[in-house]
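The values are calculated or read from the model by the stated rules, or taken from the named source; none is laboratory data. The structure presented is a predicted model; accordingly, all values stated were derived computationally and were not measured. Using ideal geometry, Cβ is built from the backbone for each residue, glycine included, and neighbour counts are taken over all protein chains shown. Note: accessible area is taken over every heavy atom of the protein model, side chains too, but ligands, DNA and RNA are not part of it. Shrake-Rupley method; radii C 1.70, N 1.55, O 1.52, S 1.80 Å.
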There are 2 protein chains.
Amino acid sequence: MRVLVRDLKGHVGEEVELLGFLHWRRDLGKVQFLLLRDRSGVVQVVTGGQRLPLPESSLRVRGTVVANAKAPGGLEVQARELEVLSPALEPTPVEIPKEEWRASPDTLLEYRHVTLRGEKARAPLKVQAALVRGFRRYLDRQDFTEIFTPKVVRAGAEGGSGLFGVDYFEKRAYLAQSPQLYKQILVGVFERVYEVAPVWRMEEHNTSRHLNEYLSLDVEMGFIQGEEDLMRLEEGLLQEMMEEALTGAGNEIRLLGAEWPSFPKEIPRLTHAEARKILKEELGYPVGQDLSEEAERLLGQYAQERWGTDWLFVTRYPRPLRPFYTYPEADGTTRSFDLLFRGLEITSGGQRIHRHPDLVESLKAKGMDLEGFQGYLEVFKYGMPPHGGFAIGAERLTQKLLGLPNVRYARAFPRDRHRLTP
Amino acid sequence: MRVLVRDLKGHVGEEVELLGFLHWRRDLGKVQFLLLRDRSGVVQVVTGGQRLPLPESSLRVRGTVVANAKAPGGLEVQARELEVLSPALEPTPVEIPKEEWRASPDTLLEYRHVTLRGEKARAPLKVQAALVRGFRRYLDRQDFTEIFTPKVVRAGAEGGSGLFGVDYFEKRAYLAQSPQLYKQILVGVFERVYEVAPVWRMEEHNTSRHLNEYLSLDVEMGFIQGEEDLMRLEEGLLQEMMEEALTGAGNEIRLLGAEWPSFPKEIPRLTHAEARKILKEELGYPVGQDLSEEAERLLGQYAQERWGTDWLFVTRYPRPLRPFYTYPEADGTTRSFDLLFRGLEITSGGQRIHRHPDLVESLKAKGMDLEGFQGYLEVFKYGMPPHGGFAIGAERLTQKLLGLPNVRYARAFPRDRHRLTP
């Protein structure tokens, strides 16, 4: 019976079967050493008088588990049989055990179909899967309904720019940049909804922080009193996500040497006006209306120094800085928030306008074309409840949590300005 | 404190707060009756001397829960306060309580943003969410890793036809019609993977069974012995999905009057050759090489009569009927299977070729252009393990389980030959 590498310690002295990949090899003539990697880890295997295939060949090994203080993990398997299930035909383009993933990304991403096999390369995807599992589990418990909305749409939620075009039979369509309208419609149906799905942004930027296709964790909730309900929801949600990642991918988090954040009982909140005041008066930073990336970074440091936390809500953004559907206050602010984690925005959210006449007023106030939003407005003719929501970029959160040098390493097969393969 | 409709029976004699939508109303002058609908159900509310807003207005009601044998569900709420949170501005295009969803789909789908509010209209989406939850939960327990693969790709997994084109900056790209290549690559990384994501097929058909965008539940598993491992996996998986739907969406299943299938300990298996023989010799059906929809329907009846089950695996399809990557047998068949449920194919799967030279041979035997598959072949240079998988179409399974007249009712906002909105 097959035993996973992580379970070998319970089988010392026994004969086991291993299945996996040739991670690394060394031939001393009469004796050959190899490391075998399976989905759970890596173990040393010793065999004799056998020609080993190229690294990354898939293998089946039968042998006895023996304690060996010098072997990685304190165990090795002395092979009695070694079968090559499928040999690698060529040397790998980079050496998988060397985990060169902190190097320039170009080669690593060009050969992502092989380089992903490295333990550190695959770890962020495992952590992300656990974060997403925690996301769903928490919201399921709060009686949210998972939704699956269309990704091919006739128009964007916030106007026409930044959209990738699709030839949809005879018609022009676009890839959705957000499920915004659909999750709002579905609040009228299920009251509380979430979606985990790809979204697309046709951004020209080609930096270590941008992806043109990414995974959006979207939440929308009806019958709220205000944006505070949403921030409290997000606090509980993120806490469960952090815990599930530690439970489900703790080995991967440790392997990457990530400094896992603690989670405060309540994340501190600063209004946008307070944040600007602190930046200007306490930090001496020449702040504009909008908070630059540098300003957010400084606020992250400030939260760390003042409250000892990695997390900070900035609330009540001025109306010109938020989309037309954001619920306005009489003082020119909005019922909105961003969540900063270590000085990086990972969420944007807020209460939405739910009354039709208010939406018409808001579109006009922004100088937007009413005609282009008829489909959106139509929905609000039918008694939408007070509601709001937020979205979390999964790769960005994963990158920041794990301290990855490039957001591309938090996606299996990233799409960027120049990359469509593998 | 708000109480959900489904929990009212525990609050008889108490004052509660209800939040929801005006489902239906009747004004008797001094007394007004209304049905209030929330995410959990519908309850009768009685109020006096109040002008009721249009149906679908969102409401807050405070009142006392009273037993009333004549009211739906045996309870009513006698309102002390009724607040309109947001009034509907127009009558709805169809009457939501009438649930006209068995009528011609055109009007219902055109106004999907409102018609989805009907209890029977929304029920299939709730059932589907539970099926998907069961899918993930089962596979998580079997140590599968959830993956998120690119949906914008440079080429299709099975050649170029049937793909929607995307303008990706200066390049031509396509919407993925399956995560096939990516889930295979990731078997080399995580051994066991699954994905829940949209796929696209540019099919010209515009029938009650076709969607151009649908949700694919994809599974791929490494280090298998053969396709039997996959069928056993799928048996356990489907059983958990069925159970989770009953647990999590039992009310919705009952509301739709669906005849929920029982699940056999083992699904009967017929080889393709046996199935053809039965069709020809026992059922007198003039069967071709391929099994037509009618042939599958007859096989479904046969399974019902012979084994008393709704489920049937048809295995070992001849090589010409399966994609090039299907693992061939020496006798001209393949390690492949379809799963029929009540005579409809809901899964297609099989073992894949995992050795590079065999793939080259298979592409040549099919007369396919090697050049176009260099990216695919590249992956197989690095010791892929024996592996295979399958995919379940979520909407089709939901439709068939619930007996829906049209697959579009199993998707929130369907995309078809002519439909890009809402």
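Residues considered: A:A129, A:A121. Of these, the only one that is in contact (Cβ under 8 Å) with a residue 60 or more places away in the chain, within 7 Å of chain B (Cβ to nearest Cβ) and either among the small types (G, A, S) or assigned to a strand (DSSP E or B) (or both) is A:A129.
Here A:T421 clears all of (1) open to solvent by 20 Å² or more (accessible area, probe 1.4 Å); (2) within 11 Å of chain B (Cβ to nearest Cβ); (3) touching a Gly at 6+ places or on another chain (Cβ under 9 Å); (4) over 30 Å from B:A176 (Cα atoms) except the condition numbered (4). Screening A:E266 with (1) surrounded by fewer than 18 Cβ atoms within 10 Å (Cβ to Cβ); (2) within 30 Å of A:H356 (Cβ to Cβ) gives one miss only, at (2).
Between A:L340, A:L404, the distinction of being assigned by TED's automatic domain parsing to the domain that holds A:G300 and closer than 28 Å to A:F144 by Cα belongs to A:L340 only. Just one residue in the set B:T247, B:T271 is surrounded by fewer than 15 Cβ atoms within 10 Å (Cβ to Cβ) and touching a residue at least 60 places away in the same chain (Cβ under 8 Å); that residue is B:T247. Looking for something assigned to a strand (DSSP E or B), in contact with a Gly (Cβ under 8 Å, 6 or more places away or on another chain), over 27 Å from B:Q128 (Cα atoms) and open to solvent by less than 10 Å² (accessible area, probe 1.4 Å) - is there at least one such residue anywhere in segment B:179-188? No, every residue in segment B:179-188 fails to be assigned to a strand (DSSP E or B), in contact with a Gly (Cβ under 8 Å, 6 or more places away or on another chain), over 27 Å from B:Q128 (Cα atoms) and open to solvent by less than 10 Å² (accessible area, probe 1.4 Å). Could you tell me which numbered condition A:D143 fails, if it satisfies all but one of (1) open to solvent by less than 30 Å² (accessible area, probe 1.4 Å); (2) not in a strand (DSSP E or B)? The one condition A:D143 does not meet is (1).
Kindly indicate the residue of segment A:313-363 that is among the acidic types (D, E) and over 27 Å from the mean Cα position of the chain (by Cα) and also farthest from A:M231 (Cα to Cα) among those meeting that condition. Filtering segment A:313-363 for residues that are among the acidic types (D, E) and over 27 Å from the mean Cα position of the chain (by Cα), the one farthest from A:M231 (Cα to Cα) comes out as A:E361.
All conditions in (1) more than 12 Å from chain A (Cβ to nearest Cβ); (2) over 18 Å from the mean Cα position of the chain (by Cα) hold for B:W260, with the sole exception of (2). Each residue in segment A:359-411 was checked for being in contact with a Pro (Cβ under 8 Å, 6 or more places away or on another chain) and free of Cβ contacts under 8 Å to residues at least 40 places away in the same chain, and 2 pass. State all residues of segment B:409-418 that are in contact with a His (Cβ under 9 Å, 6 or more places away or on another chain) and more than 7 Å from chain A (Cβ to nearest Cβ); if no residue qualifies, say none. Result: B:D416, single match. With (1) in a loop (DSSP other than H, G, I, E, B); (2) open to solvent by 60 Å² or more (accessible area, probe 1.4 Å); (3) touching a strand residue (DSSP E or B) at 6+ places or on another chain (Cβ under 6 Å) as the list, and B:F148 as the residue in question, which single condition is left unmet? Of (1) in a loop (DSSP other than H, G, I, E, B); (2) open to solvent by 60 Å² or more (accessible area, probe 1.4 Å); (3) touching a strand residue (DSSP E or B) at 6+ places or on another chain (Cβ under 6 Å), only one is false for B:F148: (2). The number of residues in segment B:25-41 that are surrounded by fewer than 21 Cβ atoms within 10 Å (Cβ to Cβ) and among the acidic types (D, E) comes to 1. Of all the criteria given as (1) surrounded by 20 or more Cβ atoms within 10 Å (Cβ to Cβ); (2) more than 10 Å from every other protein chain (Cβ to nearest Cβ), the one not satisfied by A:L116 is (2).
Identify, please: which residue in segment B:42-81 is open to solvent by 10 Å² or more (accessible area, probe 1.4 Å) and of a type in the set (G, A, S) and is, among those, farthest from B:N251 (Cα to Cα)? Looking at the filtered set, the residue picked out is B:G49.
Yes or no, residue by residue, for (1) more than 13 Å from chain B (Cβ to nearest Cβ); (2) open to solvent by less than 20 Å² (accessible area, probe 1.4 Å); (3) in contact with a Gly (Cβ under 8 Å, 6 or more places away or on another chain):
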{"position": "A:D358", "(1), (2), (3)": "no, no, no"}
{"position": "A:L363", "(1), (2), (3)": "yes, yes, no"}
{"position": "A:K381", "(1), (2), (3)": "no, no, no"}
{"position": "A:P386", "(1), (2), (3)": "no, yes, yes"}
{"position": "A:F390", "(1), (2), (3)": "yes, yes, yes"}
{"position": "A:G393", "(1), (2), (3)": "no, yes, no"}
{"position": "A:L402", "(1), (2), (3)": "yes, yes, no"}
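Screening A:L175, A:L89 for residues that are open to solvent by 30 Å² or more (accessible area, probe 1.4 Å), free of Cβ contacts under 8 Å to residues at least 40 places away in the same chain and facing chain B (nearest Cβ under 8 Å) leaves exactly one candidate, A:L89.
Within segment A:205-215, being within 11 Å of chain B (Cβ to nearest Cβ) and in a loop (DSSP other than H, G, I, E, B) holds for A:N206, A:L211, A:N212. Each residue in segment A:34-72 was checked for being away from chain B (no Cβ under 14 Å), outside any strand (DSSP E or B) and within 34 Å of the chain's Cα centre (by Cα), and 1 of them qualify. The numbered conditions (1) assigned to a loop (DSSP other than H, G, I, E, B); (2) touching a helix residue (DSSP H, G or I) at 6+ places or on another chain (Cβ under 6 Å) are all true for B:D218 except (1).
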